[in-house]
Amino acid sequence: MVDRLKKNAGGLWSGTFQAISYVAPAATAASFLVEETAYVGASTTFVFLLALIGVTSAMYMNYVFSGRISHAGGYYAYVRAGLGPRFGIFSGWLYFVNILGALAGFAVLFFAGVLWPLIPQLSSNPYGWIPIAFIPLVLILVLLYRGLRPSMKYTIIGGIIEVGTLIIISVAIIIRLGPHNTFIPFTPHGNSFGNLGLATVYSILGFVGIGSVITLSEELHNPKKIVKKSIVVGMLITAVVYILVSYAMVVGYGINKMAAFSTATDPGFTVVDNYFGPVVMIVFIIITLNSFLSNGIAEGNAFSREGFAMARDGIVFPKSLATVHKKFGSPNKIIIVEWFIVVALTLVGGLVFGPFEGAAIITAVNGVSLYIVHILANFSLPIYGKKTLKLKLRGLLPLALGPVLATVVYAFAIYGEFVPIPTTYPGYIAPYSIIAAIIAGIAITIVLFVRKHPSDLKSIGREQEHMLEPVSEQEMEE
């Protein structure tokens, strides 16, 4: 018999900062903000306001499912609930690919790529990024192995400092600008519908990770309520930070200088240095670097819980790996195995392509994998409502229509990755790697369905479900 994860290891703020740390607002703002200004110039804040509509649609599925299902596998349990075990296995594999890529690409390689040029003793060495990469790798391993509480303490403290610093710096810039503040960033400012749409897609994707709290649902206190609240609170805090930071950086850099902003290296650091000097800029750089570390810990929490759930269900990993440390309550064996996988992908990606290029390729693969999983879960929701909750048309309509906008956005993002497929190296590596991951997922699903006993297939994604009693349409609306 496999072990169970430690219950009541965290509450609302643990869940909330799991969501916020996975989003990594400082690190994400530093990257996505530059992309958005390239499309819409000064209208980035307007785009973030538009993105809130899409984010609400994206998180609607998580919000509804989390009130009924508590499962460490998160999305694959949601997909299985409506679409069945075949799609559950397939989505479990893709979600595994997603978090693996997020860890190795964003949390480790981007961290190493950002810090590497800042250390003269290492920047001249083509392999100087490797010891830097092991800073997040070792920190993630130690904190994850010691259980949910230590890792959550780190992300809560780091998250509070990160969010607080971003808000203080942004408000201070706005105050110092005085009469030079303007409403232009809150308007379309002459941008075409197409450019606004593309920038909004980037803004919505900047919120990806808020739903990761669902993977901790077996360990949080009263998860049916706490996970839902964590999603809402995490989304609102992140939205406030993005809106403030996007406005402050745009007006601080200069409304008429957005072309230079979109091509500058770390323009946010430049703005902070101009307004507050090198000391505050160094603090801001440290906060941004720690954002990568907190992100890695949050991703590691989700990765280890999803891996534990897969091992428990006999997907990809053997059931022998579904063990929990007697003292720390962590899924110890799966953490060790997954850590070595992350290290291997980090070294291969960094050595072959370099840390920045390797990170870009790996994160492209992980992004598309997540979008596919989200789309499957969105389709699963109304089917689950019909088959399991026995809802009629009035109760089913919100479940079918709520995630529609998010599905369109994710489909557009997938389309953008494949059309057109680059013809030069290494541009074509990412799309063909995505295709390979999808084919591997289909193969794994077929093999497991041939080899597994029907009773084992039925148990996939059902270990911790809270969906045995149908609810009324009134309860579902609430």
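The values are calculated or read from the model by the stated rules, or taken from the named source; none is laboratory data. From a predicted model like this one, the values you see are computed outputs, not experimental measurements. Neighbour counts run over all protein chains shown; Cβ positions are idealised from the backbone, glycine included.
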Helices (runs of 4 or more DSSP H) within segment 51-143 that include 3 or more residues in contact with a Gly (Cβ under 7 Å, 6 or more places away or on another chain)
75-83, 85-101
State whether the residues of segment 287-298 include one that is without any contact (Cβ under 8 Å) to a residue 60 or more places away in the chain, out of contact with any Pro (no Cβ under 7 Å at 6 or more places or on another chain) and within 23 Å of Ala102 (Cα to Cα).
no
Specify which of the listed residues (Ala107, Ala72, Ala58, Ala102) is in contact with a Lys or Arg (Cβ under 8 Å, 6 or more places away or on another chain), under 26 Å from Ile438 (Cβ atoms) and buried (at least 24 other Cβ atoms within 10 Å of the Cβ).
Ala72
Residues located in segment 387-412, provided they are surrounded by 17 or more Cβ atoms within 10 Å (Cβ to Cβ) and in contact with a helix residue (DSSP H, G or I) (Cβ under 6 Å, 6 or more places away or on another chain):
Leu391, Gly395, Leu396, Leu399, Gly402, Pro403, Leu405, Ala406, Thr407, Val409, Tyr410
For residues that are more than 17 Å from Thr28 (Cα to Cα) and not charged (D, E, K, R), scanning just segment 253-269, find the one that is farthest from the chain's Cα centre (by Cα).
Asn256
Is it true that some residue in segment 91-101 is touching a Leu at 6+ places or on another chain (Cβ under 6 Å) and not polar (S, T, N, Q)?
no
Only one of these conditions is not met by Lys390: (1) without any contact (Cβ under 8 Å) to a residue 12 or more places away in the chain; (2) outside any helix (DSSP H, G or I). Which number is it?
(1)
Out of Val447, Val408, Val419, sole residue that is over 20 Å from the mean Cα position of the chain (by Cα) and at pLDDT 90 or above
Val447
Name every residue in segment 314-358 that is small (Gly, Ala, Ser), within 28 Å of Phe449 (Cβ to Cβ) and not in a helix (DSSP H, G or I), in order of residue number.
Gly314, Ala322
Does Met281 satisfy the criteria of being over 30 Å from Pro131 (Cα atoms), assigned to a helix (DSSP H, G or I) and at pLDDT below 95?
no
Being assigned to a helix (DSSP H, G or I) and crowded, with 24+ Cβ neighbours inside 10 Å is the filter here; which residues of segment 210-230 pass it?
Ile210, Gly211, Ser212, Val213, Ile214, Thr215, Leu216, Pro223, Val227, Ser230
Which ones in segment 325-343 are surrounded by fewer than 16 Cβ atoms within 10 Å (Cβ to Cβ) and farther than 19 Å from Gly105 by Cα?
Lys326, Lys327
How many residues are at pLDDT 85 or above and surrounded by 24 or more Cβ atoms within 10 Å (Cβ to Cβ) when one looks only at segment 28-44?
5
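This table checks each residue for (1) basic (Lys, Arg); (2) closer than 15 Å to Gly234 by Cα; (3) in contact with a strand residue (DSSP E or B) (Cβ under 8 Å, 6 or more places away or on another chain).
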{"position": "Glu36", "(1), (2), (3)": "no, no, no"}
{"position": "Val40", "(1), (2), (3)": "no, no, no"}
{"position": "Thr44", "(1), (2), (3)": "no, no, no"}
{"position": "Val47", "(1), (2), (3)": "no, no, no"}
{"position": "Val55", "(1), (2), (3)": "no, yes, no"}
{"position": "Phe65", "(1), (2), (3)": "no, no, no"}
{"position": "Ile69", "(1), (2), (3)": "no, no, yes"}
Out of (1) surrounded by 21 or more Cβ atoms within 10 Å (Cβ to Cβ); (2) farther than 29 Å from Met152 by Cα, the one Leu205 does not meet is (2)
Based on this model, can you work out whether Ala311 counts as crowded, with 16+ Cβ neighbours inside 10 Å and either among the basic types (Lys, Arg) or in a helix (DSSP H, G or I) (or both)?
yes
Report every pair of residues separated by at least 6 positions or lying on different chains whose Cβ atoms are under 9 Å apart, first residue within segment 133-154 and on the phi > 0 side of the Ramachandran plot, second hydroxyl-bearing (Ser, Thr, Tyr).
Gly147/Ser330
Being more than 30 Å from Gly427 (Cβ to Cβ) and part of a helix (DSSP H, G or I) narrows it down to one of Tyr415, Tyr371, Tyr384, so name that one.
Tyr384
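Condition first: surrounded by 13 or more Cβ atoms within 10 Å (Cβ to Cβ) and free of Cβ contacts under 8 Å to residues at least 12 places away in the same chain. Now tell me which residues in segment 436-456 satisfy that.
Ile446
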Can you run down the residue pairs with Cβ atoms below 6 Å, 6 or more apart or on separate chains, where the first is in segment 165-183 and over 21 Å from Val47 (Cβ atoms) and the partner is among the aliphatic types (A, V, I, L, M) and surrounded by 15 or more Cβ atoms within 10 Å (Cβ to Cβ)?
Thr165/Ile287
